[in-house]
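Everything on this sheet refers to the single structure shown next.
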Amino acid sequence: MGRFEEPFWVGDRYFDAEDIALIKGTTRRFGGLSRHELAATLCENLPWRAPNGRLKVDACRLLLLQMEAAGAIHLPGKQATGPKAFMDLQAPPVEAWPLAAALAAVRPVTLEPVPQEELRTFNATLAAYHYLGYRRPIGAHQRYWLKVQTGEERRIAGAMLFGAAAKAVLARDRYIGWTREELSRYRVRIINQSRFLILPGIAVPHLASHALALATRRLPQDWAARYGYMPVLFETFVEPPWRGTCYLAANWVALGDTAGRGRQDRAKRRELSRKTIFIYPLRRDWRRALCAPLPAAAGDEDDA
């Protein structure tokens with residue numbers, strides 16, 4: 001049963017023997033609940049909340065799955081809820097449109113949080129145009145439209161998706177100087193830009209690096225308002241044939257290449273292309289801030 005037999009950290013929350021006994025007892029007694037209901041019940045009773053007060057249901061569900069895989073608990077069977085990832089895409093994407101202009105001609109350029117009613121359009125747009133497609137983010141995340149001015153009209157020129165940092169990246173973790181425990185506890189302070197899209201047909205020199213600069217200024221405040229804590233560092237991964245030119249132009253730092261596995265591939269079984277990892281510190285004292293305790297464990301349970 002591995003680490004679940006002893007006290008352990010999940011993000012910035014410490015689970016002791018009493019917490020583990022509560023988890024085991026609840027999963028035994030309430031086998032008739034759905035997995036979501038079980039996780040919500042545990043979050044209420046532990047208690048386990050994000051800094052903004054929301055129950056950490058997604059994080060709890062992941063912990064329960066890990067404990068089941070380790071043989072520590074037994075979960076109820078999955079309930080059929082329909083192909084959610086497929087339903088996320090049941091909307092037309094933003095239509096690609098041609099634009100060739102100087103950056104000054106399309107100002108103001110803005111990053112705007114995607115409203116609830118446009119989530120499926122956003123997801124479908126990434127699925128249609130981004131080379132990695134769309135993948136539903138788990139836990140804390142933030143979506144943005146990139147908009148430009150054309151005449152009297154504001155139009156969507158791209159999109160950004162931010163979410164949880166990779167669990168372990170040797171070049172990043174050595175650069176930061178984390179211990180294994182610090183990595184487990186404070187990784188939540190790193191935000192991963194998992195998708196960055198400029199729509200096909202958009203040819204505006206320096207638009208991408210300008211959009212990145214906007215993100216470094218806007219996202220920390222939006223993240224704090226939504227989740228109750230300030231991120232400290234951005235990260236992203238650039239896969240060949242791309243070289244990350246826009247990131248370098250926006251003063252991101254290239255740390256080196258990954259080992260050629262997926263972001264969450266802890267078993268080291270999936271062989272993928274090597275990617276270059278880039279980081280951008282959001283404050284000067286970022287090394288100290290990365291190890292500053294959060295008000296409570298961070299996370300979010302919301303939209304598609």
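Observations on the structure shown:
- Cubic angstrom per residue, convex hull over Cα atoms of the stretch 118-187: 134 Å³
- Length, then width, then depth: along the principal axes, the Cα atoms of the stretch 153-256 run 49, 35, 18 Å.
- Only helical runs count toward this figure. For the chain, summing -39,500 (n - 2.57) over DSSP H runs of n ≥ 4 and dividing by all residues gives -9500 deg cm²/dmol at 222 nm.
- q = 0.14, 0.16, 0.19, 0.24 Å⁻¹: log10 I(q)/I(0) that the Debye formula gives for the stretch 2-69, counting C-alpha atoms only: -0.37, -0.49, -0.71, -1.16
- Two-site FRET efficiency, Ala105 against Arg284, from Cβ-Cβ distance with R₀ of 45 Å, rounded to 0.05: 0.85
- Inter-label distance, nm, simple model (7 Å from Cα along the C-beta direction), Glu68/Trp9: 2.8 nm
- Pair Arg217, Trp97: separation of 7 Å Cα→Cβ label points (nm): 2.4 nm
- Relative contact order (%) - criterion: Cα under 8 Å, at least six apart; region: the chain: 22 percent
- Part-to-part distance (alpha-carbon centres) for the stretch 113-186 and the stretch 11-67, which is given in Å: 26 Å
- What the pair-distance distribution of the stretch 192-251 shows, using all Cα-Cα distances binned every 10 Å from zero, is 19, 49, 26, 6 percent.
- Applying 1/(1 + (r/R0)^6) with r as the Cβ-Cβ distance of Glu153 and Glu239 and R0 = 41 angstrom yields a FRET efficiency of 0.75.
- Directionally averaged projected area (the chain, Cα convex hull): 16.4 nm².
Read-outs throughout are calculated quantities, based only on the coordinates presented, and are distinct from any laboratory measurement. All figures in this text were calculated on a predicted structure; none of them were measured in a lab. All Cβ positions, even for glycine, are placed from backbone atoms using ideal geometry, and neighbour counts span all protein chains on display.
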